[in-house]
1. Being surrounded by 18 or more Cβ atoms within 10 Å (Cβ to Cβ) and in contact with a His (Cβ under 6 Å, 6 or more places away or on another chain) narrows it down to one of V124, V112, V147, V120, so name that one.
2. How many of the residues making up the range 17-40 are exposed (fewer than 14 other Cβ atoms within 10 Å of the Cβ) and in a strand (DSSP E or B)?
3. Restricting the first residue to the range 121-148 and requiring it to be without any contact (Cβ under 8 Å) to a residue 40 or more places away in the chain, which pairs with a second residue that is of a type outside the set (A, V, I, L, M, F, W, C) and surrounded by fewer than 17 Cβ atoms within 10 Å (Cβ to Cβ) meet a Cβ separation below 7 Å and a spacing of at least six or different chains?
4. Would you say L11 is under 15 Å from the mean Cα position of the chain (by Cα), surrounded by 20 or more Cβ atoms within 10 Å (Cβ to Cβ), of a type outside the set (D, E, K, R) and in a loop (DSSP other than H, G, I, E, B)?
5. Kindly indicate the residue of the range 52-102 that is outside any helix (DSSP H, G or I) and among the small types (G, A, S) and also surrounded by the most Cβ atoms within 10 Å (Cβ to Cβ) among those meeting that condition.
6. Please go through the range 103-134 and give me each residue that is assigned to a helix (DSSP H, G or I) and among the charged types (D, E, K, R), ordered by number.
7. Restricting to the range 206-221, name every residue that is part of a loop (DSSP other than H, G, I, E, B) and touching a Phe, Trp or Tyr at 6+ places or on another chain (Cβ under 8 Å).
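Read the figures in this text as sums done on the coordinates, not as results from a lab. Just so you know, these numbers come straight off a predicted model, no measurement behind them. With ideal geometry, Cβ positions are generated from the backbone for all residues, glycine too; neighbour counts draw on all protein chains shown.
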Amino acid sequence: MILITGASSGLGAALAQQYAEAGQDVVITGRNQQRLEAVKATNNKTQAIPADLTSPDSINSLINQLDIAPTTVIHCAGSGYFGQIQDQQPDDIIQLFNNNILSATLLLRELVARYRDQAVSVVVVMSTAALQPKGGESTYCAAKWAVRALVESVRQELKASKSPMKLIAVYPGGMATDFWNIEKDRDTTTFMSADEAAGMLIQALAGTEHGYISDITISRK
C-alpha cells in the first residue's frame, strides 16, 4: 500500500491516479476532504483520509486508520510563498514554514517511530529550491533547505541504527499546477505537467533487489 500526502491536487493527485491505475492500493491524504474525494472518485483502488500534517494528533489518527503498514510513503504536501524579503508578511512566513518544515518533521518523526524496523520507503518531495538559492524566493528556499537537512540527518540516524527504512529525496523543477496560483504573473507554459513529473518519478522509484535511487532531481527542459 502506498500513502501519498498532499494528494488533493498537483503531483500528489497525479501520483495517486497513476499508481491506482497500475493496480496499487493507494491511500491519499490532505486537508481538503472535498478535493480528496474528487481524486478518489477516479479509481476504486484509492482510499481518502483527511489530515492536517501540522498537527501531531492528526498525523497519529491518520496512521492509526491505515489497515496495514505502507510499503511506500510519498510526502508531497507543502506550499509556496514568494517575494522580496522586506515585502513578505510574518504570518505568511510562519504558515509557509508550518506547511513545509513542521509537516515534514512531524510526519517523518511518526513514521520513523512506527516503522524504523520495517523496509518502508519514505519519499520526501521538495523542490530544486532546496538545491540552489533564488532571489525572490528566500523564505521558500529556506523552508526547502531545512527539509533537505532534515532528510539527510535522519538518513544518518537510520544508517547508524541499521534500519531497513529508506529515505528518498526528490527535487522537482517547475510544474504547471495550482501551486503557482499565488503568483499570477508567473509564466508556466514551459513547465512540466503533474502527470509528466509523476510518470518520471514512478519510474525512478522502481528499485531493484539490491539497489535504489536515493536522490532524484526532475528537471524541466
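1. V124
2. 0
3. Pairs that qualify, where the first residue is without any contact (Cβ under 8 Å) to a residue 40 or more places away in the chain and the partner is of a type outside the set (A, V, I, L, M, F, W, C) and surrounded by fewer than 17 Cβ atoms within 10 Å (Cβ to Cβ), are C141/P133; C141/K134.
4. No.
5. G78
6. Our first condition is that a residue be assigned to a helix (DSSP H, G or I); within the range 103-134, this holds for 103-115, 128-130.
R109, E110, R114, listed by residue number.
7. The one that is part of a loop (DSSP other than H, G, I, E, B) and touching a Phe, Trp or Tyr at 6+ places or on another chain (Cβ under 8 Å): R220.
Residues are listed down the side, and each one gets a yes or a no for (1) in a loop (DSSP other than H, G, I, E, B); (2) among the small types (G, A, S); (3) buried (at least 18 other Cβ atoms within 10 Å of the Cβ); (4) touching a Phe, Trp or Tyr at 6+ places or on another chain (Cβ under 9 Å):
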position	(1), (2), (3), (4)
A7	yes, yes, yes, no
L15	no, no, yes, no
T42	yes, no, no, no
P50	yes, no, yes, no
